[in-house]
Structure formats: structure tokens, C-alpha cells
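What follows is a set of notes on a single structure, which appears directly below.
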Amino acid sequence: MNICKCFKCDTCDTLIDCRIGMSNRGVQPFQFACPICEEVISFSIGTSDGDLIGATDVKDFTGPFKGANPFVDLHLDFPVSFGKYKKGDTAFIRAARDLGEDALSHLTHRLSMLNMLYPKQRDLQRLITQYEDRPGF
């Protein structure tokens, strides 16, 4: 699933069209730089307030994107891309096309493992901090 948003940069007032591709994790933190002034814009999906920093959500935005604003394509699992908006050319579709079938299958398996481990994040952090590196073990 993708969410289409329009943000207004707090520093330079640039309107930025943004397509956000969703992963399977409960909390999804995103961050990118304004393509004009490089202000850091960050937010989270899956938190109560969204934590939008560096920009304002344009509430009266109605899609589809018309190409008048800079465009950023976000996905938690794939690289950020900037450029022209192309309907249907999502981060996932580009990754699938660029990687090929075998590599995409391997990536899908690794992302499934990440999705499975995500709810255990706190337990994993605790385990890692309690690990003591002792010679001979």
C-alpha cells in the first residue's frame, strides 16, 4: 500500500509531493532532505502523533500529483528516490526490476525475517547489551 502526501518545508516553504510505500512493521520511521534547502524532514507512521519534524502536512492536498512540486518516493525497505513522479513506478517495482527474480526472492526472505524480529526489538537490544565479550568464548 502507498500513501500520497504533500509536505511544506518549514525552512523554505517548498511544497514536496511524497509517495510513502508501507512495509509490514508497526512503526515506520522515515527521513529525507528537502530537495531545495536540504532541511531534514522526518516522521513516523504507526505512532500516535506521527512526529512530523521539519515540515507541515498540507491537509487540503488532493491527488494525484501533477508534477509541479519536487517529488520524493519513500519506502522503509528500499532506497529513497527523487525526481519526476511516475504513476505505478514505486520503490518496490523499481527494486524488483533492478534486482531480478533471484535477488528479489532473497530480499523478500530477509525482509520477512526482519518483520518477524521487529516485535522482539526490545528483547534483542537487552540481549545485545548483556553480552560480554570474553576471550575463549
Worksheet item: Residue check: is S42 polar (S, T, N, Q) and either farther than 30 Å from I16 by Cα or out of contact with any Leu (no Cβ under 8 Å at 6 or more places or on another chain) (or both)?
Response: no
Fill in: Filtered residues of the range 63-79 (kept if without any contact (Cβ under 8 Å) to a residue 60 or more places away in the chain and either touching a Cys at 6+ places or on another chain (Cβ under 9 Å) or in a strand (DSSP E or B) (or both))
G63, P70, F71, V72, D73, L74, H75
Worksheet item: Using beta carbons and a limit of 8 Å, which pairs, at least six apart or on different chains, have the first residue in the range 113-130 and under 17 Å from Q28 (Cβ atoms) and the second one assigned to a helix (DSSP H, G or I)?
Response: L117/L124
Practice prompt. Please enumerate the residues belonging to the range 22-35 that are assigned to a loop (DSSP other than H, G, I, E, B) and more than 16 Å from F82 (Cβ to Cβ).
Written response: M22, S23, N24, R25, G26, V27
Fill in: Matching residues in the range 100-137 - criterion: being in contact with a Leu (Cβ under 9 Å, 6 or more places away or on another chain), at pLDDT below 75 and of a type in the set (A, V, I, L, M)
L107
Worksheet item: Among the residues of the range 7-21, how many are assigned to a loop (DSSP other than H, G, I, E, B) and either crowded, with 17+ Cβ neighbours inside 10 Å or in contact (Cβ under 8 Å) with a residue 24 or more places away in the chain (or both)?
Response: 4
Discussion item. On the basis of being under 14 Å from the mean Cα position of the chain (by Cα), surrounded by fewer than 16 Cβ atoms within 10 Å (Cβ to Cβ) and touching a residue at least 40 places away in the same chain (Cβ under 8 Å), does G26 make the cut?
Written reply: yes
Worksheet item: When both residues are 6+ apart or on different chains and their Cβ atoms are under 8 Å apart, which pairs have a first residue that lies in the range 83-104 and is free of Cβ contacts under 8 Å to residues at least 40 places away in the same chain, and a second that is in a loop (DSSP other than H, G, I, E, B)?
Response: K84/G67; K87/P64; R94/F78; A95/F78; A95/P79
Response to the item:
Filtering the range 36-53 down to residues that are assigned to a loop (DSSP other than H, G, I, E, B) and within 16 Å of the chain's Cα centre (by Cα) yields G46, T47, G50, D51, L52
Worksheet item: Applying the selection to the range 90-102, what residues are assigned to a loop (DSSP other than H, G, I, E, B) and surrounded by 15 or more Cβ atoms within 10 Å (Cβ to Cβ)?
Response: T90
Worksheet entry | Residue among F71, F82, F78 that alone is more than 16 Å from K5 (Cβ to Cβ), among the aromatic types (F, W, Y), under 20 Å from the mean Cα position of the chain (by Cα) and modelled with pLDDT of 75 or more | F78
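The values are calculated or read from the model by the stated rules, or taken from the named source; none is laboratory data. Computed from a prediction, not measured in an experiment: that's the story for all the values here. Backbone-built Cβ (ideal geometry, glycine too); neighbour counts: all protein chains shown.
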